[in-house]
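The values are calculated or read from the model by the stated rules, or taken from the named source; none is laboratory data. Treat the numbers as computed from the prediction; the structure is a model and nothing was measured. Please note: Cβ atoms are built from the backbone with ideal geometry, for glycine as well, and neighbour counts cover all protein chains shown. For the accessible areas, the whole protein counts, side chains as well, though only heavy atoms, and no ligand, DNA or RNA atoms are used. Shrake-Rupley method; radii C 1.70, N 1.55, O 1.52, S 1.80 Å.
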2 protein chains.
Amino acid sequence: MAKLEGKALVAQGGGPTAVVNQSVVGVTLEARRFAQVSHVYGALHGVNGIINENMVDLTEATVANLEAMAVTPSSGLLSTRDKPDEAYCKQIFEVCKAHGIRFFFYCGGNDSADTCRIVNQQAAENNYDLRVIHVPKTIDNDLKVTDHCPGYGSAAKFVAQAFAGANLDNRAIPGVYIGVVMGRHAGFLTAAAALARKYPDDGPHLIYLPERAINKEKFLDDVTDALEQYGRCVIAVSEGIVDEKGEAIASQFTGGEKDSHGNVQLSGTGALGDLLAGWIKEQKLTKRVRADTLGYLQRSFLGCVSDVDQREARAVGEKAVYYAVRHGRDGSVAIKRTGDYAVSYFLTPLETVARHATEMPDAFINETGNGVTEAFLQYARPLAGAMPELERLDALAVEKIMPK
Amino acid sequence: MAKLEGKALVAQGGGPTAVVNQSVVGVTLEARRFAQVSHVYGALHGVNGIINENMVDLTEATVANLEAMAVTPSSGLLSTRDKPDEAYCKQIFEVCKAHGIRFFFYCGGNDSADTCRIVNQQAAENNYDLRVIHVPKTIDNDLKVTDHCPGYGSAAKFVAQAFAGANLDNRAIPGVYIGVVMGRHAGFLTAAAALARKYPDDGPHLIYLPERAINKEKFLDDVTDALEQYGRCVIAVSEGIVDEKGEAIASQFTGGEKDSHGNVQLSGTGALGDLLAGWIKEQKLTKRVRADTLGYLQRSFLGCVSDVDQREARAVGEKAVYYAVRHGRDGSVAIKRTGDYAVSYFLTPLETVARHATEMPDAFINETGNGVTEAFLQYARPLAGAMPELERLDALAVEKIMPK
């Protein structure tokens, strides 16, 4: 097989993560090492930047600049919410062909994998050699085949540190604290709220995931029980929790705004947290009820990155180049967990990852549907990496002497 | 003067901070060094733990335990929202007297300083020698006399890192982003959103503080201008922003719940952010509008501490002991800024800090009332300490070649 020669193109789609720039820089620096790759282009704002030829030449970006961008959260190449159809993908292909692009690397979730699949197919149908690699990226951790997704570990670390702090705060001034976490259909990120529990009575005491239906009665019963047991209650709730009919609890309260994918807006509003807090206040279960929506900080906060996640995000970018340039393959880079904890990488066909997402396995959710299992903690801990320490005061009580 | 001999008591009141435990540990470890201090007691849940004799003996807490607690956010001794009146303070005094407590250290804001003042006065009126020291602590930075308050720097760092990340996210997927920041009457913490701006077009592009009245028309005009100039807009808003009549904008939307101090609930609800987002959506200024309320993470997030703040919080605790035990004085520990950047400490009378809070000086707010000045950045930067790095990609545009 003759070596395929031409340009490489890299882009990012969907919601940013804390480590997606590592993947882009992994692709860029590795692709620059191959003589058969004449230029490495970066499309701005994802596929939108391809069809509008809004691209930059990464071949002369300094290593200093790229390495500094690699440790910066969010998408350095900027992103898009466009979800290409066949006609859109045709345009992508046409631009690739016109620019002599032979290697296309797209960082994103299952929608981005589908874009890769269609573009790859169209190139084949037009007898144009175009290697297409999907580079996995999502804080939701909902991609099929792979053990986990780059981007999840850092977001999980943020959520764990947020709830560890909220738990300390709630212990200092008791009441009910509700924290709403991102994750439309998969509860992995919400579940991560449990990762920084240290003492037996540490919160979150209740965790509600999109994988288990919830209703007002059960929710209030759970909160009542927790208040009785702990004198306070910290609750982690996924923004995507649904009722028995499968309808998002939040969807009643956002005025029905939908994004370009037809999804109801869940993030960027405090409505769900306020709704749940309202339920508790209505029943007067306790005086102090507070709800925070962790919001965009979960994926973009400057200065909260999992080392493991960072290394793996870099690795999937580098691996993508080897698969495409050295081995002439198409596919999605996936991670296999080996040992405790180590990983290896492999390439899976684009159609195995495209379109359909995955959810939390049953083994990760407790029987009462309001918490996580030890198996989940074992799964997620290495991904979030090292946590900052926390400790309670350990001192003897002073004897009471005042007359009553 | 004969040496005053007896026990010391330390407690924390009001909202926790990331570094208040440093102050408690500073008091505890320093007080333990003095032979005339027989025991160091800690009251649980602030003044509430004093009147209920809910206290622990810190004299035998290990240094390992205390140092680990010192770097843990929130109040290790737990806190309270109780705001003591004369009768309540009388009980505090009675418990101190019964237990032979001669040195009382209370970490908190201006309400806690007032408690110190009243207890100190009652002891004097009863001819009981009780040294009372207020140890400053607040994320709002609104104490009088002192240059700044321990607790503020770490919260400012969190807010700065949150907005730096939100700005990167907003740049990747443009629209309007609103982040609601704590601070009922003082805008210092909201203003800190500007600390991590690096590039000339970095957000926050608009900053609204409680010190300047705002109305819907001006707000929408500002947002329109920013969208025109930047194609996107990041907004930092204090939860305490008020209209021309001085009424909190948020107060219309929280069902009027009030805390034990008679204040309307501002934190722990997403209502203000959703209200402002609604104004923008109503006018269809842009398609994508998101609002986050940073919430309790600002004061409790595990793993975001300013080194400078941490050192100073420790120092005010240690100084408190020297003033009380070695010098037999009462007062509030204050910080003086010397050089660029260095500090010294001094003791100010309790009545100069008690009850009344301070606000942002005019020199820190821009003329149009929607941003901060260079003077503010100079003031706040050293307090928040070192920020994580961030960098944009620097690469040349690729020439467009597609036929139009």
Review point. Are any of the residues in the stretch A:309-326 in a loop (DSSP other than H, G, I, E, B), at pLDDT 95 or above and either of a type in the set (Phe, Trp, Tyr) or surrounded by fewer than 21 Cβ atoms within 10 Å (Cβ to Cβ) (or both)?
Key: no
Review point. Restricting attention to the stretch A:4-52, which residues are open to solvent by 10 Å² or more (accessible area, probe 1.4 Å), assigned to a strand (DSSP E or B) and facing another protein chain (nearest Cβ under 9 Å)?
Key: A:39, A:41
Review point. Has the stretch B:335-345 got any residue that is open to solvent by less than 50 Å² (accessible area, probe 1.4 Å) and in a loop (DSSP other than H, G, I, E, B)?
Key: no
Check your understanding: Could you list, in sequence order, the residues of the stretch A:348-404 that are of a type in the set (A, V, I, L, M), under 22 Å from residue A:168 (Cβ atoms) and within 14 Å of chain B (Cβ to nearest Cβ)?
Key -> A:384, A:386, A:387, A:390, A:393, A:395, A:396, A:397
Practice item. State all residues of the stretch B:72-102 that are part of a helix (DSSP H, G or I) and of a type in the set (Lys, Arg); if no residue qualifies, say none. Key: B:90, B:97
Revision key, fill the gap. Here the qualifying pairs (Cβ atoms under 7 Å; residues six or more apart or on different chains; first in the stretch B:56-70 and outside any helix (DSSP H, G or I); second among the acidic types (Asp, Glu) and modelled with pLDDT of 95 or more) come out as B:61/A:394
Check your understanding: Right, residue B:367: surrounded by fewer than 19 Cβ atoms within 10 Å (Cβ to Cβ), of a type in the set (Asp, Glu) and not assigned by TED's automatic domain parsing to the domain that holds residue B:240 or not?
Key -> no
Review point. Here are some residues: B:285, B:302, B:272. Which one is at pLDDT 90 or above, surrounded by 24 or more Cβ atoms within 10 Å (Cβ to Cβ) and part of a loop (DSSP other than H, G, I, E, B)?
Key: B:302
Practice item. Give me a count of the residues in the stretch A:392-404 that are in a loop (DSSP other than H, G, I, E, B) and either open to solvent by 50 Å² or more (accessible area, probe 1.4 Å) or farther than 30 Å from residue B:71 by Cβ (or both). Key: 7
Exercise for review: Among the residues of the stretch B:71-102, write down those that are open to solvent by less than 60 Å² (accessible area, probe 1.4 Å), of a type in the set (A, V, I, L, M, F, W, C) and over 17 Å from the mean Cα position of the chain (by Cα).
Suggested key: B:77, B:89, B:92, B:93, B:95, B:96, B:98, B:101
Practice item. Count, please, the residues in the stretch B:348-362 that happen to be more than 12 Å from residue B:211 (Cα to Cα) and open to solvent by 70 Å² or more (accessible area, probe 1.4 Å). Key: 3
Check your understanding: residue B:174 passes all but one of (1) under 30 Å from residue B:338 (Cα atoms); (2) at pLDDT 95 or above; (3) part of a loop (DSSP other than H, G, I, E, B); (4) open to solvent by 10 Å² or more (accessible area, probe 1.4 Å); which number fails?
Key -> (1)
Check your understanding: Could you give every pair whose Cβ atoms fall below 7 Å, whose first residue belongs to the stretch A:186-215 and is closer than 24 Å to residue A:247 by Cα, and whose second residue is open to solvent by 10 Å² or more (accessible area, probe 1.4 Å) and of a type in the set (Lys, Arg), counting only separations of at least 6 or pairs across chains?
Key -> A:210/A:184
**Study point:** Hits in the stretch B:103-158 (condition: hydroxyl-bearing (Ser, Thr, Tyr), in a helix (DSSP H, G or I) and surrounded by fewer than 24 Cβ atoms within 10 Å (Cβ to Cβ))
**Key:** none
Review point. Filter the stretch B:53-69 for residues that are within 22 Å of residue B:101 (Cα to Cα) and within 7 Å of chain A (Cβ to nearest Cβ); which is most open to solvent (accessible area, probe 1.4 Å)?
Key: B:60
